[in-house]
Amino acid sequence: MVARKRKNPSPRYLAFRHARTLLRSRGLLAVDDDHLEAGHQRLHSYMTPGLYGGGYTINTTQEIDGADKLADTQPFFVDKFLFKLPEGEIHSVYPPQGHKEWAEALPHIVFNTPSTPWEWAASNLDEEPDYKANRNRVPWLAVFVFTKDELELSREDLVESNGIFGNIKGKEDIRQTKGLSVPVRVKDIEKLQKTVSPVKPTPTTTEDTTTELIFLRRELFTTLFCEQDQDGNLKKDSGPDVRPYRFLAHRRDINSTGMAVAAKTATEDDQQSYSVILSHRTGPTLVTEPTNCIAHLVSIYNVQHMNWSDTSEFVAMSSLYSWSYSCYPSTTPNVHNQFVKLGESCQMLHAAVETEDLRVFDIPPKVKERVVTRLQNGYTMARYRVKTGESTACFTRGAFIPVANIAAEDVWHELSNSGSDLQVLDKQLGIMDITYSAAWQLGRTMAIADQSFVASLGLVRKNIYDLGMYYYQLELLSERSREQIIAAVPSLVQSLQSLQHSRQLSVTNSESRFRRWFRPPVKPVDRSYAGRSRINIHGEEEDPINAHFHRAAREISSACDKESPDAPSKDPYNEYNTPFSADWMTVLKWVLDRLVFSNIPTHYLVTDSSHLPAESVRFFEVDTRWMNAMVDGALSLANYIDQEDDKVRKAIFHAIHLYRTTPIPELDGERPPLPVYGCYVRSALITKFPDLKVEIRRGGRPIEQEELILLRHDIVNVDTMFCLFSKHPSTSTWDELWLTQPPHQQSFVAGATVDANRIKIPFRKAYTTNLWKEDGDDVNEPMKTFFWNPVEQSDGSGQSGDPNDPEKGPGVIYHWTDPDDQAVEVRRLSMEYYAQLYLETAQNEMDSTRFDDEFATSALMATQMNSFAWRLKIGLNGANSLATQVERVNPFAEEAEPSVPLTLPASPEALDNRPYFVYKVRSMDNPGSRSIYMTKIPQDLIFHIVMQSGWGSLDTHLEYLRFTLPLKDPNAEGGAALMKSYIGPGAYMLSNVRFNPVLSFCKTDEGVNTHLVITLTPRKVATNGRAPGVWVKNCRELSFILTGVYINRYPTDNRRVSYNGKEGNGKVEVKYNDRTSPEVPEIQEETRLRLEKKEAKSMKDTRAAFLESAVLP
């Protein structure tokens, strides 16, 4: 059973192919008898269709009992393409359009359909031995190479009345195309003057059927189709002969593993078949400078039936396809040189810039170093417009980074509603980094453009919200399930039976009977989504509704239960099982496609063209933060419930995390692979060989089929290949990347060298058995090497001198010019003689146990005329030498950047002349006292910062002022702290708007917040002519308010909170621009945490007290 072909494969089809490979290795999938393993190919001399194109007659005879016999005939015509190729039929051509190649190269064309060259019968000589033995068939198509002067028509031939088109209406509008062909209606071909043509209309040809005609001069046509004698000499007086063209077409079966283009149309078992037609005519051999050549795919159907004695000046032939390339002298670089140059260009994906490249002299050295570090980390500069409308510069970086990715791909807590809070300010340069903000906006934009995704996401959100709220309300009301109610029925019946024996029912006192029905009032339970905050008003516990939303998300994202398909199972949907929710399947597929960067604009991945120059290989790591930010932007749609804390989106991320961490049985228990490493290959080699084969190796050996490393392999541009890998390179995973010419796109050559004076052809070893594998034959060593010269043609076997020298070849194997007219360049191989000579050499030089054949076939000649295949091996060691570990640049406002102590100046200034600030911390509820009451409700804290002296005696600038407050649990040992955590809306300045309070956190390696850091950052950006920071004269008051603080509730009264900078206490840092390190002032003031008063002040009293304290003491 032949596996079906892939159609519109998923961007992640390599993962599905891997699962199928595992099943096939276990014997769970059938394998065809002619299945090719990876790295193998099979050549066939031809593949004929079920019926050739042309007319047929069906004869039917019916015998009956009687004197008469009934007989009838039914003619029919098999109509196939004859004047134009079907759309998408051409897979590739070589050399590609506009590329350069040496003169010995034989252009070829590859078709997607393996029977295309034999759809019509080009020859009816069916009595030939190889034809009767079913070893060869003549194709109806051939590839020829021409120069401009061989095809260009004069103006007289084009438009004059005595020209070729003189009898055709509208001859004034006839022009030659770029390929030097002329579009002509098929019915008008017989009207051409001075021209004979094998192109004839068929019964299905209409008035509007057109074809492209090329006009060959009679002398050139004769040299291409005349017969040859047994020594390869041209017999120009006899012809036409199309049988030599049987050696120029073959079918090639390959295994498409590791190929970008062929794999997408191959079968599910990576089997692919193509047909190949190559030319036997080379480019000009006399060139000393680049010469433009035009290759035409020409129909030779009906050429055999032409009148050879016709003396017409031109022969019109139908061209079905054409392309051009440049023929270069042999001194120009070839494929081998291109591979060598490509291998020398390997490095990480960033701009090649050093500090010396910044030639602006008025830039401080530290600024230069910082800019160069940013550029080497993969950043680029872009235009950026701030919210207020001004245009400025910003840093941006794509998803592919040249440094080690230190983010955990499964952790994402920074849900954003606008993306602007993901911007990070570079404090040393004063330039904003919009990398993750741009990723968030990209994800949201791409999601909006996909209507099916938005619709499915909305339904998934609704299902999770409804089911989560149901579980939440069920917990609040303590309702019993149906099963619990049924289980309690027996005890309920027993209780009813015992009521008749109850003493309370027999009491005669009316008051006692009344009290029996009395029930105390029950406070109503707020079951709404907004009422959940009452459960967690102090922030000591996680909101319990999260657990219910997570439970709902697990059910919605699960697979169907095998026993009960209408119920969810415990396993998540993983694309190999049946989804419980079809909407979740759509959402998950969209997210996973984006995680392999499908349909993402390239300028979001490679932000500057200098990162990926021509003829280069660039490796990179995948920034998982960027990926998560993009997904977060997409999942932010359809949020109509909570604009502050999107718990449903958190539940969806929880479901995605569950998918990522759950092993998949179909992948041998491996987790779903995600890309972490990759590379770009940009080279003209990609244009020449779109199916350039990619192989992953470990220590030079193939990777076991149980491991899936290559996740994506695509041609993203005509000259650019893109690869993604699921593991970082190391000695335990993979350490080599091989790039190899594909078997169906290897070039063909007329010989090792071809020039105006000589052609040298090595005759390769040929095999019809597999004994060479067992005995280890050197297959690259030729059987013999011959050479031929254009003048001294030999008619017998040549004498060999040194065994390593080529022998002078017998006969004529290559024709430089017409023997009768040296002005006519023939430039063709004598294929009939070439094939017979090669067959005889193989029979004589090879042992019969290795080669045993009596016919020369197109498959045999294809292996002989194939050019050498080159392979580029790229080694990557375990330390990943291509990437440099640099300082961590935190993309989020979560963590405080540690201060880096630099070298102090030689003569430090005394601290007595520094400005002196007074620091106090007060509560808005009691601003006149240092005491803060430990209430259950959040409070706003006033951080009172006033300069008492120093502004008039020192001319300096304040770069920043930083408060660091420890976060401790009330039950933790050590000194007291203001708060356990902070979840409030943020801080704002009281009066001095020159500064902006920025909040961040210091964390442990496990991600636990340990300190809240409040940094007062100047809004002014430093420039070349302006020092960083704010002049101290404008810093006399820096007070700000921190809102929504849940004060720790200690069991004892009068706990003291210090800010003296000692271990476990808070501290303040002040940085001036004339100092290399921040100063830590000694603060004597302490905050006292008091137990909450039983009679708290009313809001009116609190407001009045605050208004009375205009100036804080």
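The values are calculated or read from the model by the stated rules, or taken from the named source; none is laboratory data. All figures in this text were calculated on a predicted structure; none of them were measured in a lab. Every residue, glycine as well, gets a Cβ built from its backbone with ideal geometry; the counts of neighbours run over all protein chains shown.
Quick notes
- Counting only residues that are surrounded by 21 or more Cβ atoms within 10 Å (Cβ to Cβ), part of a loop (DSSP other than H, G, I, E, B) and among the β-branched types (V, I, T), region 262-289 holds 2 of them.
- Candidate set from region 720-734 (those that are assigned to a loop (DSSP other than H, G, I, E, B) and out of contact with any Lys or Arg (no Cβ under 6 Å at 6 or more places or on another chain)); member that is surrounded by the fewest Cβ atoms within 10 Å (Cβ to Cβ): S732
- Output for region 741-767, where each listed residue is at pLDDT below 90 and assigned to a strand (DSSP E or B): T753, V754
- Across region 240-260, a minimum of one residue is classified as part of a strand (DSSP E or B), touching a residue at least 12 places away in the same chain (Cβ under 8 Å) and farther than 30 Å from Q836 by Cα.
- Positions within region 304-351 being over 32 Å from the mean Cα position of the chain (by Cα) and part of a loop (DSSP other than H, G, I, E, B), in sequence order: M306, N307, W308, S309, D310, T311, S312, E313, P329, S330, T331, T332
- On the stretch given as region 458-478, residues that are under 15 Å from D646 (Cα atoms) and of a type in the set (A, V, I, L, M) total 3.
- Scanning region 808-862 for residues that are of a type in the set (V, I, T) and assigned to a loop (DSSP other than H, G, I, E, B) returns V812, I813, T849, T857.
- Of all the criteria given as (1) aliphatic (A, V, I, L, M); (2) under 28 Å from V754 (Cα atoms); (3) without any contact (Cβ under 8 Å) to a residue 60 or more places away in the chain, the one not satisfied by A105 is (3).
- Flag if A651 is without any contact (Cβ under 8 Å) to a residue 40 or more places away in the chain and either within 23 Å of A399 (Cα to Cα) or hydrophobic (A, V, I, L, M, F, W, C) (or both): no
- Contact annotation: residue pairs with Cβ atoms under 8 Å, 6 or more positions apart or on different chains, pairing a residue in region 1055-1080 that is on the phi > 0 side of the Ramachandran plot with a partner that is aliphatic (A, V, I, L, M) and surrounded by 20 or more Cβ atoms within 10 Å (Cβ to Cβ), are G1061/V1068.
- Any hit, region 615-633, residues being over 26 Å from S10 (Cα atoms) and either modelled with pLDDT under 90 or touching a helix residue (DSSP H, G or I) at 6+ places or on another chain (Cβ under 9 Å) (or both): yes
- Some residue of region 658-677 being within 17 Å of the chain's Cα centre (by Cα) and outside any loop (DSSP other than H, G, I, E, B): yes
- Figure legend. Inter-residue proximity from region 84-101: first residues in contact (Cβ under 8 Å) with a residue 60 or more places away in the chain, second residues basic (K, R), beta-carbon distance below 7 Å, spacing 6+ or different chains. Indicated pairs: Y94/K688; P95/K688; P96/K688; H99/K688.
- Filter result for R217 (touching a helix residue (DSSP H, G or I) at 6+ places or on another chain (Cβ under 9 Å) and among the basic types (K, R)): yes
- From the options G88, G55, residue that is part of a strand (DSSP E or B), closer than 30 Å to I189 by Cα and small (G, A, S): G55
- Residues of region 973-1010 satisfying the condition of being free of Cβ contacts under 8 Å to residues at least 24 places away in the same chain and exposed (fewer than 12 other Cβ atoms within 10 Å of the Cβ): E973, T1004, D1005, E1006, V1008
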